[in-house]
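The values are calculated or read from the model by the stated rules, or taken from the named source; none is laboratory data. Since we're looking at a predicted model, the values are computed, not measured. Glycine also receives a Cβ, built like all others from the backbone with ideal geometry; neighbour counts cover every protein chain displayed.
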Amino acid sequence: MSRGKEAIWSLVGLAAVAISGFLLYRELSGHTLEELLAAFRAISAPRWTLAVLSTALAYVALARYDQLALAHLGRKLDWRFVAVVSFVTYALAHNIGATMLSAAVARYRAYAPKGLSAAEVAAIVAFCSLTFGLGALLTGGLTLLVDPGLVARLNAPPWLARWLAVLLLLGPWTYVLGALLHFRPVTLAGFKIVYPRPPIAAHQMLVAPLELIGAAGIIYFALPAAANPGFLAVLGVFLASFSAALISHAPGGLGVLEFTFLKGMPDAPPAQVIAALLTFRLLYLIAPLIVSLAVVVMFENRRMFALLRGR
């Protein structure tokens, strides 16, 4: 992406943050800080534990994205190294925004010393982005098939659910079919999609929904039982909110995620929804960012000392 386009998307993201922040303020203007603190205190220790385990599930699945991408390229790296690279990459990309660019820079810095070319790193970034996209389509489609009433939470007509489910599932179905029948590569949005071997495609269809289920599980366990509409409802609203946050290009989806989620949860007290979303940000975004920054500092120090010793 050129610098000019990147600057434009950064401005779009900041505008999305400003507009969503204003709408979010209007939505919460009738609630006090005491209500929010009380909602935090309502999250029990066992539910905090389950939320942390959900975070772990999400990041383990994300690590599998990179492992599958490397397998697709015929590259073999130590799985522990790949897991650390994936963790750092996604922790930075989720918080910084401009996911494609930030993921490419972080991965290239880590994988280049292992012998991977810039083209291979670009292919890994594209493969991981495609895996996430297919997983979101698959999870969204299956969720709507199981519970068509979820569209009512976003003020959509009920008849839309089945059609939307079929439309969402069309992408993953075509992709798996292409892998099974060895379709020719296709170019989509400037990226060349080379269909992987069927076992890799099957693993993509498994790990991507697991990542989304883990991420949504954080919010689900952070909501108290009295205000919890059920996991499928939380998952469906999370998919819509997270997608809106990604499309907005807002750093970390700030404001966009919260406003969309509140609109999709009219039956839950807003203070408790916000407390759950702040828990999500703490466990899924902020804590991994802090750890990843420490890992980056350690990595760069080791590289610097190695260069000095070489000289």
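Here's the yes/no breakdown for (1) touching a residue at least 40 places away in the same chain (Cβ under 8 Å); (2) crowded, with 22+ Cβ neighbours inside 10 Å:
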{"site": "Ala83", "(1), (2)": "no, no"}
{"site": "Tyr90", "(1), (2)": "yes, yes"}
{"site": "Asn95", "(1), (2)": "yes, no"}
{"site": "Ala104", "(1), (2)": "no, no"}
{"site": "Lys114", "(1), (2)": "no, no"}
{"site": "Ala119", "(1), (2)": "no, no"}
{"site": "Phe127", "(1), (2)": "yes, yes"}
Being over 24 Å from Phe132 (Cβ atoms), at pLDDT 75 or above and part of a helix (DSSP H, G or I) narrows Arg64, Arg47, Arg80, Arg26 down to just Arg47
When every residue in the stretch 171-211 that is free of Cβ contacts under 8 Å to residues at least 12 places away in the same chain and under 25 Å from Leu145 (Cα atoms) is compared, the one surrounded by the most Cβ atoms within 10 Å (Cβ to Cβ) is Trp173
Among (1) buried (at least 18 other Cβ atoms within 10 Å of the Cβ); (2) in a helix (DSSP H, G or I); (3) modelled with pLDDT under 90, Ala7 falls short only on (1)
